[in-house]
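In what follows, a single structure is set out as structure tokens and then discussed.
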Amino acid sequence: MKDIYTFHNLSQKNSCHHLVTQKNKAVPYSFSLALHTNEKEEDIINNRKHLSKNFPNTKFIVANQTHGANIHIVNKNEELGWESLENAIQDCDALITNQKDMMLTILTADCVPILLFDPIQNVVAAVHAGWKGTQQEILLKTVQKMQEVFNTDPKNILAGIAPSIGKCCYEVDWNVAQHFKEIEEAYTQQTEKYMLDLPHINKLQLLKAGLNKENIEMSNVCTACEVEHYFSYRKESGCSGRFMSMIGLT
């Protein structure tokens, strides 16, 4: 496929596949994949079908993300939320599975998507971390859940922190920044505003969870800076488009 982003570390493993979609102005809504933003449903489903053709015999899992810290274990080989919001997994911001031929997905337009793969226990996870989920340590909790349910050793996990709004562009007030005041280099202060570094904070959560530093790959792509390629809610003043980060076992 063209118009995608992939991680080097995850691409080296034949037992999983992953990608992060990018905008494509040749298709409806620049290839937005979000059913929840009131776009024409038929066009979004067609965009999704165009994507799924690249993964025959694969079932896609979509959650109704709510900026919380709820984690769902996908243990049945069934498609959820792909062609309708009605059967999406409700109130969930992290998905984990050890089932093959399933694709876990995260929809974002500035929030931090994180993809995880344990090649020893053959487990994958996809995590959505906005500032609220990051403050609730959803990423740390997801790794802990992988340990608890699948006996994952964090030192074996490969992680990819996908394109998201960077410290260069994520300006917040103190009511947000204060939640991260104990975290080293979480933000820089500019007069009465704060430039928050969510990718960095999530990387620290992975290290706290026990991952090896060399197993964590940062995209270092800011969605606001690269708005030609990624939807950015901030840069586009409340855009309705969302790109998708996904991972699954082959």
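When only the Cβ of Lys, Arg, Asp and Glu is charged (+1, +1, -1, -1), the dipole of the chain relative to its Cα centre reaches about 440 debye.
Once the convex hull of all Cα atoms in the chain is built, its volume per residue stands at 115 Å³. Sequentially through the stretch 121-126, phi angles give Karplus couplings (6.51, -1.76, 1.60; θ = phi - 60°) of 8, 6, 9, 10, 8, 10 Hz, Gly and Pro residues having no value and appearing as x. Each 5 Å bin from 0 upward holds the following percent of the Cα-Cα pairs of the stretch 166-246: 3, 13, 20, 20, 20, 16, 6, 1. Exposed loop sites here mean GluC sites (Glu not before Pro) with a DSSP loop assignment and at most 11 other beta-carbon atoms within 10 Å; the chain contains its longest site-free run at 87-181. Only the Cβ atoms of Lys and Arg (+1) and of Asp and Glu (-1) were treated as charged; on that basis the dipole of the stretch 87-218 about its Cα centre amounts to roughly 180 debye. Between the amide H of Trp82 and those of Val62, distances stay under 5 Å, these residues lying 5 or more places away or on another chain, with hydrogens modeled in the peptide plane.
Across the chain, the mean sequence separation of Cα contacts (distance under 8 Å, 6 or more residues apart), normalised by length, yields a relative contact order of 25 percent. Across the stretch 73-83, computed HN-Hα scalar couplings (Karplus, 6.51 cos²θ - 1.76 cosθ + 1.60, θ = phi - 60°) run 8, 8, 10, 10, 8, 9, 7, 9, x, 7, 10 Hz from first to last residue, x flagging Gly and Pro. Using a Gaussian network model of the chain with C-alpha springs under 10 Å, which one of Ile138, Ile73, Ile96 is most mobile by mean-square fluctuation? Among Ile138, Ile73, Ile96, the largest mean-square fluctuation in the Gaussian network model of the chain belongs to Ile73. Near the amide H of Asp110, within less than 5 Å, lie the amide hydrogens of Ile165, Tyr233, all on another chain or at least 5 residues away, with H placed in the peptide plane.
With contacts taken as Cα pairs under 8 Å at a separation of at least 6 residues, the stretch 1-134 carries a relative contact order of 19 percent. Of all the options Trp131, Trp82, Trp174, the one that moves most in a Gaussian network model of the chain with Cα springs shorter than 10 angstrom is Trp174. The GNM of the chain, with springs linking C-alpha atoms under 10 angstrom apart, assigns the highest mean-square fluctuation among Val221, Val20, Val123 to Val221. For Lys25, the lysines whose Cα comes closer than 20 Å to its Cα, not counting residues fewer than 8 places off in the same chain, are Lys2, Lys40, Lys49, Lys53, Lys235.
Per-residue 3J(HN,Hα) values for the stretch 192-200, derived from phi via the Karplus relation 6.51 cos²θ - 1.76 cosθ + 1.60 with θ = phi - 60°, read 9, 10, 9, 9, 8, 10, 5, x, 4 Hz in sequence order (x marks Gly and Pro). When you work out D = kT/(6 pi eta Rh) for the stretch 1-80 at 4 °C and 1.567 mPa s, using the Kirkwood radius from C-alpha pairs as Rh and the Stokes-Einstein form, the result is 88 µm²/s.
Expected output is a single nm value to one decimal: the length gained when fully extending between Glu184 and Glu236, i.e. 0.36 nm times separation in residues minus the C-alpha distance. What is it?
15.7 nm
Between the listed residues Cys111, Val123, Ala94, the Cα displaced farthest toward the positive end of the dipole of the chain, a dipole computed from Cβ unit charges relative to the Cα centre, is found at Val123.
Each reported figure results from applying straightforward, stated rules to the coordinates on display, with no laboratory input. Every value quoted in this text rests on a predicted model; they were computed, and no experiment measured them. Every residue, glycine as well, gets a Cβ built from its backbone with ideal geometry; the counts of neighbours run over all protein chains shown.
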